[in-house]
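Written below as C-alpha coordinates is the structure these notes are about.
The values are calculated or read from the model by the stated rules, or taken from the named source; none is laboratory data. Computed from a prediction, not measured in an experiment: that's the story for all the values here. Backbone-built Cβ (ideal geometry, glycine too); neighbour counts: all protein chains shown. The protein model used for the area step is the full one, side chains on, heavy atoms only, and it has no ligands, DNA or RNA in it. Shrake-Rupley method; radii C 1.70, N 1.55, O 1.52, S 1.80 Å.
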Amino acid sequence: MQTVLLILSLLKNRSLKFPSDLEELRELAEFLQYYKQEHQSYVLLLFCAAYLYKQSFAIPGSSFLNILAGALFGPWMGLLLCSALTSVGATCCYLLSGAFGKQFVVYWFPDKVAMLQRKVEENRSCLFFFLLFLRLFPMTPNWFLNLASPILNIPVSQFFFSVLIGLIPYNFICVQTGAILSQITSLDAIFSWGTLLKLLAIAMVALIPGTLIKKFSQTHLKLDEKDQSVRLLNGKKST
(Lines give C-alpha, C1' and ligand atoms only; values in the text may rest on other atoms or scores of the structure.)
Protein backbone atom coordinates (compact mmCIF):
# COMPACT_ATOMS: atom_id res chain seq x y z
CA MET A 1 0.00 0.00 0.00
CA GLN A 2 2.89 2.34 0.80
CA THR A 3 4.43 1.70 -2.63
CA VAL A 4 1.14 2.49 -4.42
CA LEU A 5 0.76 5.76 -2.48
CA LEU A 6 4.35 6.71 -3.28
CA ILE A 7 3.82 6.06 -7.02
CA LEU A 8 0.58 8.08 -7.02
CA SER A 9 2.41 10.90 -5.29
CA LEU A 10 5.20 10.81 -7.90
CA LEU A 11 2.65 10.89 -10.72
CA LYS A 12 0.90 13.83 -9.14
CA ASN A 13 4.08 15.87 -8.70
CA ARG A 14 5.59 15.07 -12.08
CA SER A 15 4.33 16.11 -15.49
CA LEU A 16 5.08 13.46 -18.08
CA LYS A 17 6.32 14.87 -21.40
CA PHE A 18 8.38 13.82 -24.38
CA PRO A 19 12.11 14.14 -23.57
CA SER A 20 13.98 16.82 -25.51
CA ASP A 21 17.51 15.99 -24.33
CA LEU A 22 19.46 13.13 -22.75
CA GLU A 23 19.06 14.46 -19.22
CA GLU A 24 15.26 14.51 -19.50
CA LEU A 25 15.41 11.08 -21.10
CA ARG A 26 17.43 9.68 -18.19
CA GLU A 27 15.03 11.12 -15.61
CA LEU A 28 12.00 9.78 -17.48
CA ALA A 29 13.58 6.34 -17.82
CA GLU A 30 14.31 6.17 -14.08
CA PHE A 31 10.78 7.25 -13.22
CA LEU A 32 9.10 4.78 -15.60
CA GLN A 33 11.38 1.92 -14.52
CA TYR A 34 10.27 2.50 -10.95
CA TYR A 35 6.59 2.73 -11.92
CA LYS A 36 6.93 -0.36 -14.16
CA GLN A 37 7.73 -2.57 -11.15
CA GLU A 38 4.08 -2.36 -10.05
CA HIS A 39 2.30 -1.44 -13.30
CA GLN A 40 4.11 -3.02 -16.25
CA SER A 41 1.04 -3.16 -18.50
CA TYR A 42 0.29 0.56 -17.95
CA VAL A 43 3.84 1.56 -18.85
CA LEU A 44 3.69 -0.58 -22.00
CA LEU A 45 0.34 0.96 -22.99
CA LEU A 46 1.62 4.49 -22.33
CA PHE A 47 4.77 3.88 -24.36
CA CYS A 48 2.85 2.41 -27.32
CA ALA A 49 0.34 5.28 -27.32
CA ALA A 50 3.10 7.92 -27.19
CA TYR A 51 5.10 6.22 -29.96
CA LEU A 52 2.11 5.84 -32.30
CA TYR A 53 1.11 9.46 -31.66
CA LYS A 54 4.53 10.75 -32.76
CA GLN A 55 4.71 8.45 -35.76
CA SER A 56 1.15 8.99 -36.98
CA PHE A 57 1.49 12.78 -37.00
CA ALA A 58 5.07 12.84 -38.37
CA ILE A 59 6.54 14.40 -35.21
CA PRO A 60 10.35 14.06 -35.16
CA GLY A 61 12.13 12.58 -32.14
CA SER A 62 11.65 8.83 -32.32
CA SER A 63 15.31 8.27 -31.44
CA PHE A 64 14.64 9.27 -27.81
CA LEU A 65 11.72 6.84 -27.60
CA ASN A 66 13.84 4.05 -29.12
CA ILE A 67 16.53 4.65 -26.49
CA LEU A 68 13.83 4.72 -23.81
CA ALA A 69 12.49 1.37 -25.08
CA GLY A 70 15.93 -0.19 -24.63
CA ALA A 71 16.15 1.12 -21.07
CA LEU A 72 12.61 0.00 -20.13
CA PHE A 73 12.10 -3.28 -21.98
CA GLY A 74 15.59 -4.56 -22.71
CA PRO A 75 17.46 -4.84 -26.03
CA TRP A 76 15.44 -7.53 -27.83
CA MET A 77 11.93 -6.83 -26.56
CA GLY A 78 12.63 -3.13 -27.13
CA LEU A 79 13.77 -3.76 -30.71
CA LEU A 80 10.72 -5.90 -31.49
CA LEU A 81 8.40 -3.29 -29.98
CA CYS A 82 10.00 -0.32 -31.76
CA SER A 83 10.10 -2.08 -35.13
CA ALA A 84 6.41 -2.95 -34.88
CA LEU A 85 5.38 0.51 -33.63
CA THR A 86 7.48 2.29 -36.26
CA SER A 87 5.80 0.31 -39.05
CA VAL A 88 2.25 0.71 -37.70
CA GLY A 89 2.74 4.40 -36.88
CA ALA A 90 4.30 5.20 -40.26
CA THR A 91 1.43 3.37 -41.99
CA CYS A 92 -1.08 5.45 -39.99
CA CYS A 93 0.78 8.55 -41.19
CA TYR A 94 0.59 7.21 -44.77
CA LEU A 95 -3.18 6.68 -44.47
CA LEU A 96 -3.81 10.07 -42.86
CA SER A 97 -1.76 11.80 -45.54
CA GLY A 98 -3.60 9.90 -48.28
CA ALA A 99 -6.97 10.88 -46.85
CA PHE A 100 -6.35 14.49 -45.80
CA GLY A 101 -2.84 15.71 -46.62
CA LYS A 102 -2.12 15.23 -50.34
CA GLN A 103 -2.83 18.81 -51.42
CA PHE A 104 -0.94 20.22 -48.43
CA VAL A 105 2.19 18.15 -49.13
CA VAL A 106 2.19 18.97 -52.87
CA TYR A 107 1.59 22.68 -52.17
CA TRP A 108 4.39 23.09 -49.61
CA PHE A 109 6.97 20.63 -51.04
CA PRO A 110 6.48 20.58 -54.84
CA ASP A 111 10.17 20.10 -55.72
CA LYS A 112 10.72 17.26 -53.24
CA VAL A 113 7.56 15.47 -54.37
CA ALA A 114 8.56 15.84 -58.05
CA MET A 115 12.06 14.48 -57.36
CA LEU A 116 10.74 11.48 -55.45
CA GLN A 117 8.06 10.84 -58.09
CA ARG A 118 10.72 10.71 -60.81
CA LYS A 119 12.90 8.33 -58.79
CA VAL A 120 9.99 6.04 -57.90
CA GLU A 121 8.90 5.78 -61.55
CA GLU A 122 12.47 5.04 -62.68
CA ASN A 123 12.70 2.20 -60.12
CA ARG A 124 9.12 0.92 -60.30
CA SER A 125 10.33 -2.54 -61.42
CA CYS A 126 12.26 -3.01 -58.16
CA LEU A 127 10.28 -0.62 -56.00
CA PHE A 128 10.61 -2.51 -52.72
CA PHE A 129 14.42 -2.46 -52.83
CA PHE A 130 14.36 1.22 -53.76
CA LEU A 131 12.20 1.91 -50.70
CA LEU A 132 14.67 -0.02 -48.54
CA PHE A 133 17.47 2.08 -50.03
CA LEU A 134 15.59 5.28 -49.11
CA ARG A 135 15.23 4.11 -45.50
CA LEU A 136 18.87 3.10 -45.12
CA PHE A 137 20.38 6.01 -47.14
CA PRO A 138 17.67 8.67 -47.02
CA MET A 139 17.57 11.30 -49.78
CA THR A 140 14.79 12.92 -47.78
CA PRO A 141 13.72 12.73 -44.10
CA ASN A 142 11.68 9.67 -43.14
CA TRP A 143 8.74 11.77 -41.92
CA PHE A 144 8.46 13.35 -45.38
CA LEU A 145 8.67 9.98 -47.10
CA ASN A 146 5.79 8.78 -44.91
CA LEU A 147 3.68 11.80 -45.93
CA ALA A 148 4.58 11.67 -49.64
CA SER A 149 4.25 7.92 -50.26
CA PRO A 150 0.47 7.90 -50.98
CA ILE A 151 1.02 10.71 -53.53
CA LEU A 152 3.68 8.57 -55.23
CA ASN A 153 1.23 5.63 -55.56
CA ILE A 154 3.37 3.35 -53.40
CA PRO A 155 1.30 0.29 -52.37
CA VAL A 156 0.62 0.28 -48.63
CA SER A 157 1.90 -3.31 -48.23
CA GLN A 158 5.29 -2.47 -49.76
CA PHE A 159 5.41 0.71 -47.70
CA PHE A 160 4.73 -1.15 -44.44
CA PHE A 161 7.36 -3.86 -44.95
CA SER A 162 9.98 -1.42 -46.26
CA VAL A 163 9.62 0.56 -43.01
CA LEU A 164 9.66 -2.62 -40.91
CA ILE A 165 12.84 -3.98 -42.51
CA GLY A 166 14.58 -0.77 -43.58
CA LEU A 167 14.58 0.87 -40.15
CA ILE A 168 15.73 -2.20 -38.20
CA PRO A 169 19.42 -1.07 -38.20
CA TYR A 170 18.50 2.39 -36.90
CA ASN A 171 16.11 1.00 -34.29
CA PHE A 172 18.71 -1.59 -33.31
CA ILE A 173 21.39 1.04 -32.63
CA CYS A 174 19.05 3.24 -30.56
CA VAL A 175 17.50 0.41 -28.53
CA GLN A 176 20.82 -1.28 -27.80
CA THR A 177 22.28 2.08 -26.75
CA GLY A 178 19.38 2.59 -24.35
CA ALA A 179 19.85 -0.89 -22.88
CA ILE A 180 23.57 -0.27 -22.33
CA LEU A 181 23.14 3.22 -20.88
CA SER A 182 20.50 1.98 -18.44
CA GLN A 183 23.12 -0.35 -16.90
CA ILE A 184 25.79 2.34 -16.54
CA THR A 185 26.06 3.82 -13.06
CA SER A 186 29.14 6.04 -13.47
CA LEU A 187 31.10 7.88 -16.17
CA ASP A 188 33.98 5.43 -15.78
CA ALA A 189 31.70 2.59 -16.86
CA ILE A 190 31.09 4.29 -20.23
CA PHE A 191 34.77 3.90 -21.12
CA SER A 192 35.14 0.33 -19.87
CA TRP A 193 36.29 -2.26 -22.39
CA GLY A 194 33.02 -4.18 -22.06
CA THR A 195 30.88 -1.16 -22.95
CA LEU A 196 33.14 -0.05 -25.80
CA LEU A 197 33.18 -3.54 -27.31
CA LYS A 198 29.37 -3.72 -27.11
CA LEU A 199 29.01 -0.38 -28.88
CA LEU A 200 31.51 -1.44 -31.55
CA ALA A 201 29.60 -4.71 -32.13
CA ILE A 202 26.31 -2.79 -32.44
CA ALA A 203 27.83 -0.47 -35.06
CA MET A 204 29.24 -3.40 -37.06
CA VAL A 205 25.95 -5.35 -37.06
CA ALA A 206 23.96 -2.26 -38.06
CA LEU A 207 26.28 -1.66 -41.05
CA ILE A 208 25.66 -5.07 -42.65
CA PRO A 209 22.12 -4.46 -44.09
CA GLY A 210 23.14 -1.03 -45.39
CA THR A 211 26.19 -2.47 -47.14
CA LEU A 212 24.12 -5.19 -48.84
CA ILE A 213 21.42 -2.78 -50.02
CA LYS A 214 24.02 -0.30 -51.26
CA LYS A 215 25.70 -3.07 -53.28
CA PHE A 216 22.35 -4.07 -54.77
CA SER A 217 21.47 -0.45 -55.57
CA GLN A 218 24.66 0.07 -57.57
CA THR A 219 23.70 -2.67 -60.03
CA HIS A 220 19.88 -2.68 -60.00
CA LEU A 221 18.59 0.77 -59.04
CA LYS A 222 18.65 3.90 -61.19
CA LEU A 223 20.26 6.53 -59.01
CA ASP A 224 22.17 9.68 -59.80
CA GLU A 225 25.74 9.92 -58.59
CA LYS A 226 24.55 12.62 -56.20
CA ASP A 227 21.92 10.30 -54.74
CA GLN A 228 24.36 7.46 -54.15
CA SER A 229 26.63 9.68 -52.05
CA VAL A 230 23.72 11.10 -50.06
CA ARG A 231 24.73 12.64 -46.77
CA LEU A 232 23.14 11.36 -43.59
CA LEU A 233 23.07 14.95 -42.37
CA ASN A 234 20.55 15.69 -45.09
CA GLY A 235 18.33 12.80 -44.13
CA LYS A 236 18.24 12.76 -40.37
CA LYS A 237 16.32 9.77 -39.13
CA SER A 238 13.13 11.45 -37.99
CA THR A 239 10.32 8.89 -38.36
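Mind listing just one residue for me: the one in region 113-122 that is surrounded by fewer than 18 Cβ atoms within 10 Å (Cβ to Cβ) and of a type in the set (A, V, I, L, M, F, W, C) and, of those, farthest from Leu167 (Cα to Cα)?
Only one residue tops the list, namely Ala114.
Which condition from (1) among the hydrophobic types (A, V, I, L, M, F, W, C); (2) closer than 19 Å to Val105 by Cβ; (3) buried (at least 22 other Cβ atoms within 10 Å of the Cβ) is the one that Cys174 breaks?
The single condition Cys174 does not satisfy is (2).
On the given criteria, is Thr86 open to solvent by less than 10 Å² (accessible area, probe 1.4 Å), of a type in the set (Val, Ile, Thr) and assigned to a helix (DSSP H, G or I)?
So Thr86 fits the description; yes.
Residues that are open to solvent by less than 10 Å² (accessible area, probe 1.4 Å) and either closer than 16 Å to Ile173 by Cα or without any contact (Cβ under 8 Å) to a residue 40 or more places away in the chain (or both): does region 93-112 have at least one?
No, region 93-112 contains no residue that is open to solvent by less than 10 Å² (accessible area, probe 1.4 Å) and either closer than 16 Å to Ile173 by Cα or without any contact (Cβ under 8 Å) to a residue 40 or more places away in the chain (or both).
Return the pairs, sorted by first residue and then second, in which the second residue is not in a helix (DSSP H, G or I), the first residue lies in region 141-161 and is open to solvent by 40 Å² or more (accessible area, probe 1.4 Å), the beta carbons are less than 7 Å apart, and the residues are 6+ apart or on different chains.
As it stands, the answer is Trp143/Ala58; Trp143/Pro60; Trp143/Ser238; Trp143/Thr239, since those pairs meet every condition given.
Please specify each residue of region 39-79 satisfying the condition of being in contact (Cβ under 8 Å) with a residue 12 or more places away in the chain, more than 19 Å from Leu25 (Cβ to Cβ) and of a type in the set (S, T, N, Q).
Ser56
Looking at region 139-157, is at least one residue small (Gly, Ala, Ser), modelled with pLDDT of 90 or more and under 26 Å from Pro75 (Cβ atoms)?
No.
Please enumerate the residues belonging to region 110-145 that are of a type in the set (A, V, I, L, M) and more than 13 Å from Phe159 (Cα to Cα).
Val113, Ala114, Met115, Leu116, Leu136, Met139
Across region 123-140, which residue is nearest to Ala69 (Cα to Cα) among those that are open to solvent by 40 Å² or more (accessible area, probe 1.4 Å) and in contact with a helix residue (DSSP H, G or I) (Cβ under 8 Å, 6 or more places away or on another chain)?
Only one residue tops the list, namely Phe137.
How do the helices (runs of 4 or more DSSP H) wholly within region 14-82 filter down when requiring 1 or more residues that are of a type in the set (D, E, K, R), modelled with pLDDT of 85 or more and open to solvent by less than 40 Å² (accessible area, probe 1.4 Å): which remain?
Counting at least 1 such residues, we get 40-56.
Looking at (1) β-branched (Val, Ile, Thr); (2) assigned to a helix (DSSP H, G or I); (3) at pLDDT 85 or above, find the lone condition where Ile7 falls short.
(3)
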